[in-house]
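Chemist: I'd like to ask some things about the structure below.
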Amino acid sequence: MKELDSGNFTKEIGSGVCVVDFWASWCGPCRMLAPVIEELAAERPDVKFFKVNVDEESDLAAAFGISSIPTVFRFDDGKAVARHLGYADKATLVRSLGL
């Protein structure tokens, strides 16, 4: 999954359906969620999947009001349309994000 930063974020999520995982390497639930998102990404080639490391991209995290991680957003053509906070199994994440 491609890592996003403040330099490429807007361009990358600007078209289509995108899922962005805001995470940190020290976060246990983030590490638990990673394989769930990777499996979903493999099953859904019609959706673009990205990650944002909140430790390295604090401005992006602040812009999206990230106060707990993992937080996963769904963007449709650059607009945030759904958000999920915390760990979830694949079925729950799909439901929560409307995928």
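Chemist: Rounded to the nearest 20 debye, what is the charge dipole size of the chain about its Cα centre when +1 sits on each Lys and Arg Cβ and -1 on each Asp and Glu Cβ? Mind showing how you got there, number by number?
Modeler: Details: 11 positive and 15 negative charges, 62 e Å.
About 300 debye.
Chemist: Among the aspartates and glutamates, select those whose C-alpha is under 20 Å from the C-alpha of LYS11, and discard any that sit fewer than 8 residues away in the same chain.
Modeler: GLU3, ASP21, ASP46, GLU56, GLU57, ASP59, ASP76, ASP77
Chemist: Two decimals is fine: what's Rg over Rh for region 33-99, C-alpha atoms, Kirkwood radius as Rh? The partial results should precede the final answer.
Modeler: Working: Rg = 11.8 Å, Rh = 12.6 Å.
Ratio value, two decimals: 0.94.
Chemist: What part of the accessible area of the chain, given as a whole %, is carbon or sulfur when the probe is 1.4 angstrom?
Modeler: Values: 2630 of 5080 Å².
Solvent-exposed carbon and sulfur of the chain make up 52 percent of the total.
Chemist: If pairing requires two Cys Cβ atoms under 4.7 Å apart, which cysteines of the chain are left without a partner?
Modeler: Here CYS18 come out as lacking a disulfide-compatible partner, given the Cβ-Cβ threshold of under 4.7 Å.
Chemist: Now for a separate question. Using the heavy atoms of the protein chains alone and a 1.4 angstrom probe, what is the accessible area of the chain per residue in square angstrom? Working shown, then result.
Modeler: Numbers: 5080 Å² over 99 residues.
That works out to 51 Å² for each residue.
Chemist: Here is a further query. Spelling out what I want: for every residue of region 68-77, take phi, set θ = phi - 60°, compute 6.51 cos²θ - 1.76 cosθ + 1.60 (Karplus), and round to whole Hz; glycine and proline get x.
Modeler: Running phi through 6.51 cos²θ - 1.76 cosθ + 1.60 with θ = phi - 60° gives 9, 10, x, 10, 10, 10, 10, 10, 10, 6 Hz.
Chemist: Can you list residues from other chains, or at least 5 along the same chain, whose modelled amide H is less than 5 Å from the amide H of GLY86?
Modeler: Counting only residues 5 or more places away or on other chains, the set is THR71, VAL72.
Chemist: On full extension of the chain, what length is gained from LYS90 through ARG31, given 0.36 nm per residue of separation minus the C-alpha to C-alpha distance? If you can, show how the numbers build up before the last one.
Modeler: Numbers: separation 59, 0.36 × 59 = 21.24 nm, distance 1.42 nm.
Stretched out fully, the LYS90 to ARG31 stretch lengthens by 19.8 nm.
Chemist: Between region 4-33 and region 43-99, how many Å separate their Cα centres?
Modeler: Each part's Cα centre sits 6 Å from the other's.
The values are calculated or read from the model by the stated rules, or taken from the named source; none is laboratory data. The structure displayed is predicted, hence computed values, not measured ones. Reconstructed Cβ throughout: ideal geometry from the backbone, glycine too, with neighbour counts over all protein chains shown. Quick note on the areas: whole protein, heavy atoms, side chains included, nothing else; ligands and nucleic acids left out. Shrake-Rupley method; radii C 1.70, N 1.55, O 1.52, S 1.80 Å.
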